[in-house]
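Chemist: What follows is a structure written as structure tokens; I'll ask about it next.
Coordinate-derived values only; no laboratory data. Note that this is a predicted model, so its numbers are computed, not measured. Methodologically, a virtual Cβ is constructed for each residue, glycine included, from the backbone with ideal geometry; neighbour enumeration extends over all protein chains shown.
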Amino acid sequence: AGVHRQILFTTVGWFVGYYLVKRTDYIYAKLDRELFEYIRQHPEDFKAAEKKRIGELLEEFYPVR
């Protein structure tokens, strides 16, 4: 293969990759917007949990000797 084909395929691959990244960003942004709108409209389904201290989350530590 000639150098011109390698440059062509690299350029085409870059543009296809760029398009795919932009499309996935758009899809995830649209999904985030829909989910945040749902959360905003239904606050009763998403109540904030009470804050816990780190000691309440971890199990008691007993060293083994």
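Chemist: Spin-label point model (7 Å from Cα, Cβ direction): what's the residue 14 to residue 31 distance in nm?
Modeler: Placing both labels 7 Å along Cα→Cβ, they lie 2.9 nm apart.
Chemist: Could you pull out every one of the aspartates and glutamates with an alpha carbon less than 18 Å from that of residue 22, ignoring same-chain neighbours closer than 8 positions?
Modeler: Here the aspartates and glutamates satisfying the reach criterion relative to residue 22 are 32.
Chemist: While we're here: Output the peptides 10-16, 48-54 sorted from most to least packed, where packing is the average of other Cβ atoms within 10 Å over each peptide's residues.
Modeler: Values: 10-16: 10.0, 48-54: 6.1.
Going by the mean number of other Cβ atoms within 10 Å, highest first, we get 10-16, 48-54.
Chemist: Let's see if you can work this out: charge +1 on each Lys and Arg Cβ, -1 on each Asp and Glu Cβ, no other charges. What is the dipole magnitude of the chain about its Cα centre, in debye to the nearest 20? The partial results should precede the final answer.
Modeler: On the way: 11 positive and 10 negative charges, 83 e Å.
So the magnitude is around 400 debye.
Chemist: I've got another one for you. What is the angle, in °, between the Cα long axis of helix 3-41 and the longest principal axis of the Cα atoms in the chain? Nearest 10 is fine, range 0 to 90.
Modeler: Around 30 degrees separate the two axes.
Chemist: Pick the calculated Cα extents along the principal axes in Å for this structure from (1) 67, 52, 11; (2) 51, 17, 10; (3) 28, 23, 18?
Modeler: So the structure-derived entry is (1).
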